[in-house]
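See structure below.
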Amino acid sequence: MNGDKAAVRGFVVAVDLRRPDRPLAPELAEFEALIEADAGIVVDRVVQRLDHVDPATLIGSGKAREIADRIAAMPEAERPTMIFVFNDLRPRQRTNLMKIIPLPLVDRTMLILDIFAQRARTREGKLQVELAQLRYSQANLMGIGTELSRLGGGIGSRGPGETKLEVDRRRIQARVTYLRKQLKDVQTQRSTRRGDHERDPLVALVGYTNVGKSSLLNRFSRAEGSQRAFVANQPFATLDPTVRRVYLDAERMVRFVDTVGFITDLPKDLLAAFRATLEELQEADVLLHVIDASQSDWRRQRASVEAILDTLELTGKPIILVANKIDAALELDALPADAMPVSAVDGTGIDALRDRIAQLLDRRADQAVHVHEEEV
Ligand SMILES: Nc1nc2c(ncn2[C@@H]2O[C@H](COP(=O)(O)OP(=O)(O)OP(=O)(O)O)[C@@H](O)[C@H]2O)c(=O)[nH]1
Ligand SMILES: [Mg+2]
């Protein structure tokens, strides 16, 4: 679907629960950016303000009918071809909504999974994404058409007969079991392949998607040409971890690892599928938590990343907060006082950050020696 943007005209539906701690606007803008990065263009949107989502139809059946009428009234050439639902959708809500609005219906999790599916390059990445997609359809899509195709493929079709459903269920479960086994093999192979150089200290870049982690990796490793990690102004440009060995100073070699970016409410099936990859972060000596100083809602992004780091039990690590894109920052004063301002693009602050990393690694090395002495 990517590259053929005209193929999908999206209609966005969102319920605004008016939570003071989570204003809808920035998250909705992010959702629409995800749609545009993946499937197509947003032609129209409806935001319904409610205290609670409607258990039967999410937005309320009256509102759903209004949307159906609005779509039907549009000239055919402009009519949306897919509904994108911002909120989590229960299977019953999905089924009911699709009865009223006869278009394929994609929720935020499916959208993110689809972007991941497009971006995965390595075998491990592909296995992880497919596993997450199947786990999601097992839990949410059974009974409304379970073609194992990508977004838009079979998702809009009506429910198959009971027998076919049973067959689908078994087929999906068999595939899940197969994928788990394959993943385990790939991951075992990787851990046995580790060589001596892997004892070099490990510095991990973590952070929200699109904050400039891969750009920083390139800046630190002074990578050229095909050695450069892929950088793009799009969500989830990086899926598979990339490691570069870098001289931190004249005598010290370290490894920098750049990995998948995070997002608010990262789908739990994805987190589960990527857990093995992310658990390698446990081996990091220092985490660089990169925030995007050019984003006005960096606070929300930062909080989401911290929540994920917490889930992954990584908050006990030495963490350096890095405010990247300082060249494009809006309010310098508002940035956290403990953040190190840098620009991967023009090189500002990189030397200071390098010194800080070296300092933290020295401190850890001292502590390790200390512990070792105590053990002896
Ligand atoms: N102005 C400015 N733009 C930057 C800077 N660093 C990165 N960018 C831009 O930000 C966008 C995202 O950069 P990436 O390095 O791909 O970001 P990432 O964090 O690796 O993103 P994902 O892999 O998608 O999670 C690209 O368009 C970069 O050119 C910077 O210091 N200043
Ligand atoms: Mg990246």
Just to check your reading of the model, which residue among Ala174, Ala204, Ala232 is of a type outside the set (S, T, N, Q) and in contact with a helix residue (DSSP H, G or I) (Cβ under 6 Å, 6 or more places away or on another chain)?
Ala204
Hits in the stretch 201-230 - residues which are without any contact (Cβ under 8 Å) to a residue 40 or more places away in the chain and surrounded by 17 or more Cβ atoms within 10 Å (Cβ to Cβ):
Ser221, Ala229
Going by the conditions given, is Asp185 modelled with pLDDT of 90 or more and within 16 Å of ligand 2 (Cβ to nearest atom)?
no
For the stretch 339-366, which residues satisfy the criterion of being more than 19 Å from Tyr247 (Cβ to Cβ) and modelled with pLDDT under 95?
Arg363, Asp366
Asp269 - would you say it is more than 12 Å from ligand 1 (Cβ to nearest atom), closer than 27 Å to Leu34 by Cα and either part of a loop (DSSP other than H, G, I, E, B) or over 22 Å from the mean Cα position of the chain (by Cα) (or both)?
no
Can you give me the number of residues within the stretch 28-60 that are out of contact with any strand residue (DSSP E or B) (no Cβ under 6 Å at 6 or more places or on another chain), over 29 Å from Ala77 (Cα atoms) and surrounded by 14 or more Cβ atoms within 10 Å (Cβ to Cβ)?
2
Only one residue in Phe256, Phe220, Phe236 is closer than 27 Å to Ala29 by Cβ and either modelled with pLDDT of 90 or more or among the aromatic types (Phe, Trp, Tyr) (or both). Which one?
Phe236
Unique residue being farther than 22 Å from Leu202 by Cα and outside any loop (DSSP other than H, G, I, E, B) when the list is Asp366, Asp355, Asp346, Asp333
Asp333
Looking at (1) surrounded by 14 or more Cβ atoms within 10 Å (Cβ to Cβ); (2) outside any strand (DSSP E or B); (3) in contact (Cβ under 8 Å) with a residue 60 or more places away in the chain, which is the one condition that is false for His289?
(2)
So, in the stretch 206-237, of the ones that are part of a loop (DSSP other than H, G, I, E, B) and over 24 Å from Leu34 (Cα atoms), which residue ends up nearest to ligand 1 (Cβ to nearest atom)?
Arg228
Select from the stretch 303-319 the residues that are among the hydrophobic types (A, V, I, L, M, F, W, C) and within 14 Å of ligand 1 (Cβ to nearest atom) and write down the one among them that is surrounded by the fewest Cβ atoms within 10 Å (Cβ to Cβ).
Ile308
Met98 fails exactly one of the following numbered conditions: (1) within 15 Å of Phe11 (Cα to Cα); (2) free of Cβ contacts under 8 Å to residues at least 24 places away in the same chain. What is the number of that condition?
(2)
For the stretch 103-116, check the following and say yes or no: at least one residue is assigned to a loop (DSSP other than H, G, I, E, B), surrounded by 13 or more Cβ atoms within 10 Å (Cβ to Cβ) and at pLDDT 90 or above.
yes
Say we look at the stretch 298-321 and pick out the residues that are of a type in the set (Asp, Glu) and within 19 Å of Ile263 (Cβ to Cβ); which of these is nearest to the chain's Cα centre (by Cα)?
Glu306
With the structure loaded, tell me whether Val246 is away from ligand 1 (no atom under 15 Å from the Cβ), outside any helix (DSSP H, G or I), more than 14 Å from Ala284 (Cα to Cα) and not basic (Lys, Arg) or whether it fails that test.
yes
Counting only residues that are within 11 Å of Ile291 (Cβ to Cβ) and in a loop (DSSP other than H, G, I, E, B), which one in the stretch 320-330 is nearest to ligand 1 (Cβ to nearest atom)?
Lys325
Would you be able to tell me the number of residues in the stretch 249-266 that are assigned to a loop (DSSP other than H, G, I, E, B) and within 16 Å of ligand 2 (Cβ to nearest atom)?
5
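The values are calculated or read from the model by the stated rules, or taken from the named source; none is laboratory data. Remember, it's a predicted structure, so these values are computed and weren't measured experimentally. Cβ sites come from the backbone with ideal geometry, for glycine too, and all protein chains shown count toward neighbours.
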